[in-house]
Amino acid sequence: MNTHHPVVIIGTGPAGLTAAIYTARADLNPLVFEGRQPGGQLTTTTEVENFPGFPEGVMGPELMDNMKNQAMRFNAGFKSEFIVEADLSKRPFVLKNDNGQTYTADAVIIATGASAKVMGLAEEAKLIGRGVSTCATCDGFFYRGKIVHVVGGGDTALEEANFLTKFADKVYLIHRRDAFRGSKPMQDKVFSNPKVEVLWNTEVVELEHEPVSGLTGIKVKNNQNGEITSRKTDGLFYAIGHHPNTEFLKGQIDLDAHGFIQTKNGEPDTNIPGVFACGDVKDTYYRQAISAAGSGCQAAIRAERFLEHGSQG
C-alpha cells in the first residue's frame, strides 16, 4: 500500500525534529521517519549544557522528547521505520521502508545525520557507554581524576584530547602514524599540554574488560616492531571521524568524497529540486545540536516555499 504526503522527513535528531515542528506549523502535515536511532545521537548523551534556553542544562533524551512532543502538538506524524530505498528521479518522490512499504512525497527533507566511526573490535558495541565513548564533550565529565586514551590523528582527536585534560589526570593520544593530520595550531596545543602524551605508530587491537565494571584496559600494537602490550585505562575515546547515513540514496544525489550531502551555497537545497538536507548529514564542520536545529528550520522553510511556488527560487 502506498501513502502520499506533502512532506516526508527522514531522521529525528535536532535537525529532523525542528524541520517537523516548522512544517507541521505550516499545515503541511509532515510524516517523519524515526529510523534506527529515534532522536539521533543526543539520545545517547547525558546532560546537554550548551543548548540555548536551558540555563541549568538538559538531558539529551529529554530534549529530544520535548522536540518530538512539540512537533506532535502541531500534528506531525511519526513512523518508527527505516527508509532503505529512495527514488528521487521524479516527483512525487518514492521512499521504501524496511518492511517493503512505499510512501510518496512532493518534498523530502533528509536529516539522517552522521554516525561516529568505530574500530570494529570484539565486544566494542557492548562497551559503548561502559568505558568506550565516541563523544568527549558528552562523557568527559565522568572521567574526572582518571586516565583515558584517545584514538585519532585529526583535528577532532587533538581537540578532544585537549578537552579531556579538563577532567582526566592523564590523556594518552594514540595515533597509528608518526605525524598528525590535524592543523598546526591544534597540534601545538597538544604538544604544549603537559597532561597529554602521544603514542606514535600505535593501534588498539583489543579491549580488556570485566562483566560488571566494563572497560579495564586496552591492548595496543606498535606498528614499527609489531609488539603488543597491555595498558590500563579508565576510558577510551574514539575520535576517528564520522560517516554520513546516506547509503539509501545510492548515488541519486550529489555527495562529497566522504558521502556527505552537498548543498547549494550554504542553503539546504540539494541538486534535486524538492529534496533538502539538514543537520550532520551535510555538516562536516559544526556538528552541534543547535546548528543542526537551525538547518532543520531552514530546510522546512525552503520546503514550504518550494511547495508554494513549485520551485526553489
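Just so you know, all these numbers are worked out from the coordinates, no wet-lab data involved. This is a predicted model, so every value here is computed, not measured. Here Cβ is always computed from backbone atoms with ideal geometry, including for glycine, and neighbour counts include all displayed protein chains.
Descriptive notes on the structure:
- Percent of Cα-Cα distances greater than 13 Å, calculated over the stretch 40-108: 73
- Most mobile of His242, His149, His258 in a GNM of the chain (Cα contacts under 10 Å): His258
- Other residues within the sphere of radius under 12 Å centred on the Cβ of Pro273, judged by their own Cβ, net out at +3 (K and R +1, D and E -1).
- Taking amide H as placed 1.01 Å from N in the peptide plane, the amide H of His5 sits under 5 Å from that of Thr104, Ala105, Asp106, each at least 5 places away or on another chain.
- Semi-axes of the equivalent ellipsoid of the stretch 124-238 are 21, 18, 11 Å, computed as sqrt(5λ) over the eigenvalues of the C-alpha gyration tensor in descending order.
- Summarising the strand pairing of the chain, around 45 percent of its internal DSSP beta bridges are antiparallel.
- Structure remark: mean-square fluctuation, Gaussian network model of the chain, C-alpha springs under 10 Å; the largest value among Tyr103, Tyr286, Tyr22 belongs to Tyr286.
- Distant-in-sequence amide H partners of Leu173 (H built 1.01 Å from N, under 5 Å): Val150, Glu197, Val198, Leu199
- Of the peptides 190-202, 219-231, the order by per-residue mean of other Cβ atoms within 10 Å, starting with the highest, comes out as 190-202, 219-231.
- Highest-first packing order for the peptide set 165-175, 113-123 is 165-175, 113-123, based on the mean count of other beta carbon atoms within 10 Å.
- Cys with no candidate disulfide partner in the chain (beta-carbon separation under 4.7 Å rule): Cys278, Cys297
- FRET efficiency for the pair Thr102 and Lys250, taken as 1/(1 + (r/R0)^6) with r the Cβ-Cβ distance and R0 = 22 Å, rounds to 0.90.
- Cut-off under 5 Å, modelled amide H: who pairs with Gln37 long-range: none
- Residues listed by number, the stretch 177-208, amide nitrogen under 19 Å from Met119 label point at 7 Å toward C-beta: 177-182, 196-208
- For the stretch 48-138, the relative contact order comes to 13 percent (Cα pairs under 8 Å, sequence separation of at least 6).
- Local net charge near Arg305, Cβ-Cβ under 15 Å (Lys/Arg +1, Asp/Glu -1): -3
- Mean residue ellipticity (222 nm) of the chain, computed from DSSP H runs ≥ 4 via -39,500 (n - 2.57), nearest 500: -7000 deg cm²/dmol
- For the stretch 1-147, the Cα gyration tensor yields ellipsoid semi-axes of 32, 20, 10 Å (square root of five times each eigenvalue, largest first, whole Å).
- With Cα atoms, 0 to 90° folded angle of helix 155-164 axis to the chain main axis: 60
- Sum of side-chain charges, Val190 neighbourhood, beta-carbon under 13 Å (Lys, Arg +1; Asp, Glu -1): -1
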